[in-house]
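Reviewing the structure listed below.
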Amino acid sequence: MSAYAHQAEREFSAHSLSSRGGSEMGSRYMVESGFYMTSFAATIFIGALVTVGVVFITLLIALSVMLQSCENRSKGVIEIQKPNDDYNYCKIFALHAELNNLGPEDFPSICRSLAVQHIKEGQYERELNSTKQLVEKYFDSVVPLNDELDVVLMDIDDILPSNPQYDHPLMYQLNQCGSKCCFEEAKHLKEMIFLRLYTELQARGWSFILLSRKPDTLRNASIDHLISAGYRGWSSVIMRSDDEMEMDSREYFLRRRLIMQRKGFRIACVISSQMDALTGPFSGQRIFKLPNPMCYYSNHPMEKMYAPKL
């Protein structure tokens, strides 16, 4: 076939295609392979490609975030393991320090910074609330008789203003622990728990006898402070007489409980944060010890709080 014939054939094909365009919707695109697509179909095809691309990128980002989170979590488990071990050790040591009345000089240096963390991160408050729940659970199963001889003994020296001349040594150490927030926050938390227990048990019909290590000469000031703190309706407030001032606090509490028993009182429980009020005979049916913060046992300056690595 001549070159002229080929040229004529191409012109004829192009003319026949353009003549059919008016009878079909939209324009058409011609690809060399012979595949034709309308503009509407092309728009849908391109949109689908874009959607698939966006979904793919989103999946990649989500996988990256998940992998990073897993990596950080794995690092955290490794790096906080040692601080947790230290914390557990210090908690056990603090308990034995209280049982044996150890002083600040016996407190391990590794525990001094953890003492503030104990309060700041809410662990001390959780311990107080857990103890409160134990007390409430016990009193769910006991009911006082109507003769007003069933009593709850409560050590109120955690409520009254601190005085190193008369307070338990651990209370003085708390005030001197080197961090103002340590004393104020711990004391405030404990005061709230004491008041909640007092209010709830009193509402259940229980009578309270309040005991203090302070001398009877401070009675009026102590009663004023109790009233201002929200305490009402107790049976009696017991404070040290002159002949009890030189007496060991354990002996003092033992003597007072013995006197109550001889008077016919039935002690349902003793509530205190100090061991001297809880040990010995005539302690009633139950004893409940409110926890003390670890900074009871350290007077080392603790301006820098312990912060575990993340």
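Values quoted throughout were computed directly from the atomic coordinates according to the rules given, and no laboratory measurement underlies them. Remember, it's a predicted structure, so these values are computed and weren't measured experimentally. Ideal geometry is used to build each Cβ from the backbone, glycine not excepted, and the neighbour counts take in all protein chains shown.
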Please give the length that would be gained between Arg266 and Asn100 if that part of the chain were fully extended, namely 0.36 nm times their separation in residues minus their C-alpha to C-alpha distance (nm, one decimal). 56.8 nm
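Report, for segment 83-297, the % of DSSP beta bridges that are antiparallel, rounded to 5. Before the final figure, lay out the partial values.
Numbers: 0 of 18 bridges.
The antiparallel proportion sits near 0 percent.
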Fewest Cβ neighbours within 10 Å first, please rank His96, His118 accordingly. His96, His118
Can you run phi through the Karplus equation (6.51, -1.76, 1.60; θ = phi - 60°) for segment 124-129 and list ³J(HN,Hα) in whole Hz, with x for Gly and Pro? 5, 5, 5, 5, 4, 5
Which FRET efficiency, nearest 0.05, do Leu59 and Ser39 yield, Cβ-Cβ r, R0 22 Å? 0.10
Neighbour-count ranking for Arg266, Arg257 (other C-beta within 10 angstrom, fewest to most) reads Arg266, Arg257
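A 23 angstrom limit on the alpha carbon distance is what I want to check against. Which of Lys132/Lys214; Lys91/Lys132; Lys120/Lys214; Lys137/Lys214; Lys190/Lys263; Lys91/Lys214 exceed it?
Numbers: Lys132/Lys214 25 Å; Lys91/Lys132 19 Å; Lys120/Lys214 30 Å; Lys137/Lys214 31 Å; Lys190/Lys263 31 Å; Lys91/Lys214 29 Å.
Result: Lys132/Lys214; Lys120/Lys214; Lys137/Lys214; Lys190/Lys263; Lys91/Lys214 exceed 23 Å.
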Quick one: order Glu185, Glu105, Glu191 by neighbouring beta-carbon count within 10 Å, fewest to most. Glu105, Glu191, Glu185
Each label point is 7 Å from the Cα along the Cα-to-Cβ direction; what then is the distance between the points at His225 and Asn146, in nm? 3.9
Simple spin-label estimate for Asp216 and Met245 in nanometres, 7 Å along Cα-Cβ: 1.2
